[in-house]
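Data first, discussion second: the structure below is written as structure tokens.
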Amino acid sequence: MLAFISFFASFFSVVEPSTYYQFDYKIFYQLQEVNQNIDWTNTNVQLLEAAIFQCTNEQRLKNSKSIFKYAEDLNKSATYHSNSMVKYTFFSHTNEYEKKMKAFYQRMKFFGASFNGCGENIAYSEYDDSYTYLEVAKDIVELWMNSEGHRMNILSADYKELGCGIAIKKVNSFYRVYATQDFGAKRNIIQ
């Protein structure tokens, strides 16, 4: 009975960010906070990043692929790049403003990720106050799924781990979300 109460409560109470990646996407989608409209002046960035991660795993399962494992180092790399795009006002996989962080594999390595294969998706889109965390995440993942190269990254059998990072910039009466996904294949063993 106690297990049922604990399970039931998780749907209706605020969940700690560290647990967002422990749910499958179906349970995650039922969380109260993911279905709330976003207050762009006080955005729960970790929740939106986790929502993008979970929406990506939904697409993997719909296409008969194994789900991604959450990778904190890839999350840090992706978040760094999204923040850099806002800070320096650019939209590219290449950061021309910071030599040591120019390419996505350099950013991944800086944050401790070492893979024998890696990739990156980026996107941006604008939203108003009428969107929930889940709606924004689904929209961003849909943008990637409708783009051949981005879709290939999401559905690649080679990639096993994923980190998603976002940054937000106010543009006129809208909020622009810059999203980055960093993918890793098999981890290199560092001795």
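Any read-out appearing in this document is the output of simple, stated calculations on the displayed coordinates, not a laboratory observation. Predicted model only: the values in this text are computed from it and were never measured. Because the Cβ atoms are built from the backbone with ideal geometry, glycine has one as well, and the counts that use them run over all protein chains shown.
A few comments on the model shown:
- Placing unit charges on each Cβ (+1 for Lys and Arg, -1 for Asp and Glu) gives region 19-186 a dipole about its Cα centre, and among T41, S125, M85 the Cα reaching farthest toward its positive end belongs to M85.
- Under 12 Å, Cβ to Cβ, from D182 - net charge with Lys/Arg +1 and Asp/Glu -1: -2
- Computed helical MRE - 222 nm, the chain, DSSP H runs ≥ 4 contributing -39500 (n - 2.57), nearest 500: -12500 deg cm²/dmol
- Centroid-to-centroid, using Cα positions, region 68-131 and region 145-187 are 8 Å apart.
- Net charge dipole size for the chain [Lys, Arg +1 and Asp, Glu -1 on Cβ; Debye, nearest 20]: 700
- Most positive-pole-ward Cα, V171, N75, A185, against dipole of the chain from beta carbon charges: A185
- In this simple spin-label approximation, K99 and Q36 carry label points 7 Å from Cα along the Cα→Cβ vector, and these lie 4.5 nm apart.
- With the largest listed first and rounded to whole Å, the semi-axes of the equivalent ellipsoid of region 76-121 from the Cα gyration tensor are 18, 10, 9.
- Given the choices (i) 46, 43, 25; (ii) 72, 36, 31; (iii) 54, 46, 30, Cα extents along the principal axes in Å derived from the coordinates of this structure is entry (iii).
- Contour excess over end-to-end distance, with Cα ends at F90 and E72 and 0.36 nm allotted per residue: 4.0 nm
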